[in-house]
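First the structure, in the form of structure tokens, and then the observations on it.
Read-outs: derived from the displayed coordinates by stated rules, not from any lab. These numbers were taken from a predicted model, which means no experiment stands behind them. Don't worry about glycine lacking a Cβ; one is built from the backbone with ideal geometry, like all the others, and counts go over all protein chains shown.
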Amino acid sequence: VALCHGGLVASLQTALYSAPRHDVTVYPIRSSIRKHGDRGLFLPDDDEVRHITALAKDKEVLVCDEDASGGTTVHRAMSSLRILLRRTDILGVVNLDSREKRELERQGEWWEKAY
């Protein structure tokens with residue numbers, strides 16, 4: 001899942017590296033806390049929800065973003081997908097983690113799975 005717009009490049013890079021070994025689908029979803037005030041993933045209707053649920057069935061799910069300055073966007077997207085897909089094994093991936101050590105410790109164990 002590419003968190004648009006910045007996460008699109010990160011997800012395409014991940015897909016290109018993984019494609020020789022896996023069947024990969026990149027699915028861009030808007031999740032913009034700063035620009036649009038989204039609280040989680042922006043899925044406009046039930047058809048979209050059904051579509052992403054079908055795509056994720058029996059596949060690994062990665063949430064990709066370009067950076068983690070605070071980690072909030074990736075965290076909210078992962079939480080939304082865990083609820084939506086009824087799964088706990090969703091992994092976050094970022095190209096740049098610019099948070100301070102203090103922030104890493106404060107945010108808790110969900111981030112231990114995100115690289």
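Below, the figures for the structure above:
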{"quantity": "Chain lengthening between ALA15 and LEU96 when straightened (0.36 nm per residue, less Cα-Cα)", "calculated": "27.4 nm"}
{"quantity": "Projected area averaged over orientations for the range 1-47, convex hull of C-alpha atoms, nm²", "calculated": "3.8"}
{"quantity": "Given charges at beta-carbon only (K, R positive; D, E negative), |dipole| of the range 1-47 in Debye", "calculated": "340"}
{"quantity": "In the range 10-83, GluC sites (Glu not before Pro) in a DSSP loop with at most 15 other beta-carbon atoms within 10 Å", "calculated": "GLU60"}
{"quantity": "Placed amide H near VAL61: partners under 5 Å, 5+ positions off or other chain", "calculated": "LEU91"}
{"quantity": "In the range 19-57, trypsin sites (Lys or Arg not before Pro) in a DSSP loop with at most 12 other beta-carbon atoms within 10 Å", "calculated": "ARG21, ARG39, LYS57"}
{"quantity": "Dipole of the range 1-89, positive direction: furthest Cα of TYR27, SER79, ALA2, with charges on the beta-carbon", "calculated": "SER79"}
{"quantity": "Cut-off 15 Å between beta-carbons: net charge of the residues surrounding ALA19, Lys and Arg +1, Asp and Glu -1", "calculated": "0"}
